[in-house]
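Shown next, in structure tokens, is the structure this report addresses.
The values are calculated or read from the model by the stated rules, or taken from the named source; none is laboratory data. All figures in this text were calculated on a predicted structure; none of them were measured in a lab. Ideal geometry is used to build each Cβ from the backbone, glycine not excepted, and the neighbour counts take in all protein chains shown. Ligands, DNA and RNA are excluded from the accessible area calculation, which covers all protein heavy atoms including side chains. Shrake-Rupley method; radii C 1.70, N 1.55, O 1.52, S 1.80 Å.
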Amino acid sequence: VGLSNLLGNSFFPTGSKRTMADIINRTLRLLGDSPGAAVAFYRNASSQLSVNSISRLIAALMKCLCFFIVEEKKKNEEDVGDLSLVFSPEDQSFEYKGGGGQSNTALMATIAESVSILWESIEPQLKDSQNENAEEMLTEVFSGNVLTEVYCHFEAKFENNNHDDNSEEDDAKLLDCSRACVAILNCAGKVDESKIEGLRFRIIDELSETSGMPAARRMKVNLSPNVALLCAWGMAEDVATCLASSITEYFAGDGDELDASFTRKSGTSRKRKQSPKRKVKVDKTRLPKLDIDVCLGILGHILKGSTSASVSAREFILKSDTACDTIVTALQSAKDAAERMMKPRISNGSEMSPTMIKHIGISIECYGRLIIHKEAMKCDIPIKLSPEAKSLMTWVTDTIVPTLNRLVRQEADVNPLRDLDLSSILSAASPSLDRNSSSPTIGNLGDTSFISARGSLNIFEDKSKFVSTRAVAITAMSSILCTFAEWLSVRFVGDSFAMDQISTWCKLLECSDSVVRKTLLQLCFHIAITSLKNEGDPALLQEVLSSMKNVDPCLTEIETISYAMASVISFRDERILKAAITTIVDLTRIIVLDVEEEDESGISSSLLDKVGPCMRKVIECFLSEKQSCLILAKCLIHETKPSSVRECLLREVELRSPRTGALEKVLRKWEAENITADPANDDKKVKNINLNDYELVAA
């Protein structure tokens, strides 16, 4: 705000001799030279400019935008429509010669964004009776078919630049067109629908057109700004019904989606009689049936997105109990479908479709996010777990975990190649890498869902006997873990019920199935580290590490452990770091004791060999950093009861850690303890400790 005050006269020069033409000329020059700074200024303009001044600037900028579009249409010998009526000859008294190397498309997009931002900054004040004239002025400029024509212009421009062999310049134009379209839709949502001609029908047309798109292109569509506009115009319940009906029908297996859950055994396919194609007349007053990818993409952007369109649509849906409950009920059908798929059955050669499994995961993830958003609307701090959320977690504990344990035991007996790592192969269920989009509002389903963003989960390529059921269980559990990881991140305070449930889930990391472990390990670490950071509670971190103590990790798991420990070490709060290190030392002591009790060979081994490869990697991470190894040494030196584990860890600190003055001081204290313990042997630091405990194994 302070910087905006300093820049105020540059972006909006005032004074008795300043005309609107002067202001527009200055504004256009600054938008061209420094679009980022201009947009930042407009976000805070209401702190220093009056509502009337901002309204006049909005109207003037919109007239400029229409002028640029008309000039572009004339150049391309296109019909200018009614846009030329928006501005009068005196409105054209500005001169823009370009700036900052921006193309006209980029400048026009920035103007559209500036209009939207400025309008949003004064929207609450426009409702005051004293600002009635300002509101009427904006309504006059934006009413009729102006917004519709501007939107259609950028939409057509998007399509004209959307090719398979796009250059970087073409891609930049696509993004600019998308920015402009989103801004225009945001502006339209601030005007009464009855004042705008044709835009609602155009939005519904766009939704209808998605049914004819190739699947790969549908994955790239972001229609959440379109849906947000419909919600702003009082259609939140219609939008909810549209999304819910398509989702429910898909998971019920009706119509064309019947073959989505299972694919026929090879060689038994049956051709379907082709019916003659008929041109279906679209009812432009009702929302059409949408493809499942489009539905989940819209919901994903609404529930996860932070843009004004996503936030707006989310608020409209959550404020309507009918709309919210309709979508919740529909998404629950994905959970029901997962339950049906996880039931034991006789193998008949059929396989579940990876696409259906992916959709189950995304839908369950959306369901979790929606019930958390719904609870957050109550404004209770901290956010509580709703009964629906607790039921979802109980479902994982009572259904998914036992199913995975059963499948892991069965799989171990029949599939010796189960753990073959095929993660480098692109999953059949992964989003297409096609750069092209089919909508001006560029999006990507991978941006809205953990499942899609993961690319390959390494569960869809595995053709073992139980792959389908296992894939459903892993996918559903991953979605739920991801959802509650986000919930814990924004809640800042743990919940005993949630922590107990997740602690139970962590025991799956003990299993011999590397696919299960690799899928869950990163999420379990994320939740454990979040709990440690927010509350200083290392209990869940100890549970994760303890579950991995007997595991022979693959390279991916080792990398995940390294990354997780690096995150812990990066904490600046010494109290949190000390809690984590104390937990690791205690767990190391427990593991060593168990190993020594079970070892009957009599062959001695080093401490790092005894703790196993996972804990070894954890210890090595803490030994490699200055602050963490210093805190580790301090924790060990302050232990009142000497032990072999303590002595071995201090020796590892001495031999492996980067030396600092503070660490040298701690080590000298340790050396003094050993000398005091045996004054007759000054050259020996420790007695009664097996020398093999100090053997080093190459890192």
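With R₀ fixed at 51 Å, the C-beta to C-beta distance from Val490 to Glu71 puts the FRET efficiency at about 0.60. Normalised by the number of residues in region 301-383, the mean separation of alpha-carbon contacts (under 8 Å, six or more apart) gives a relative contact order of 35 percent.
Ignoring ligands, DNA and RNA, what percent of the 1.4 Å accessible area of region 516-608 is carbon and sulfur? Walk me through the numbers before you get to the answer.
Numbers: 2080 of 4250 Å².
C and S fraction of accessible area: 49 percent.
Take the Cα of Ala172, step 7 Å toward its Cβ, do the same at Glu132, and the gap between the two points is 4.8 nm. The residues Ser503, Ser50, Ser628, Ser129, sorted by heavy-atom accessible surface at 1.4 Å with ligands and nucleic acids left out, run Ser129, Ser50, Ser503, Ser628 from largest to smallest. Potential lengthening of the chain between Gln125 and Lys319 amounts to 67.6 nm, from the contour at 0.36 nm per residue minus the alpha-carbon distance.
Estimated from the Cβ-Cβ distance and a Förster radius of 30 angstrom, the FRET efficiency linking Thr640 and Ser567 is about 0.45. Here the Debye sum runs over all C-alpha atoms of region 540-658 as equal scatterers in vacuum, and log10 of I(q)/I(0) at q = 0.23 Å⁻¹ comes out as -1.54. Estimated at the nearest 10 Å², the accessible area of Met548 is 0 Å² with a 1.4 Å probe. Region 141-200 and region 572-645 have Cα centres lying 60 Å from one another. At a probe radius of 1.4 angstrom, the accessible area of region 108-206 per residue rounds to 42 square angstrom.
Take the cross-link list Lys304/Lys378; Lys358/Lys533; Lys358/Lys518; Lys73/Lys173; Lys343/Lys617; Lys358/Lys507 and give me the ones stretching past 28 Å between alpha-carbons. Walk me through the numbers on the way to the answer.
Working: Lys304/Lys378 19 Å; Lys358/Lys533 32 Å; Lys358/Lys518 17 Å; Lys73/Lys173 17 Å; Lys343/Lys617 38 Å; Lys358/Lys507 24 Å.
Where the Cα-Cα span goes over 28 Å, the pairs concerned are Lys358/Lys533; Lys343/Lys617.
With the Cα gyration tensor of region 145-244 giving a ≥ b ≥ c as the square roots of its eigenvalues, does the rule (a/c under 1.5 for rounded; else a/b larger than b/c for prolate; else oblate) give rounded, prolate or oblate? Because a/c hits 1.5 or more and a/b fails to exceed b/c, region 145-244 counts as oblate.
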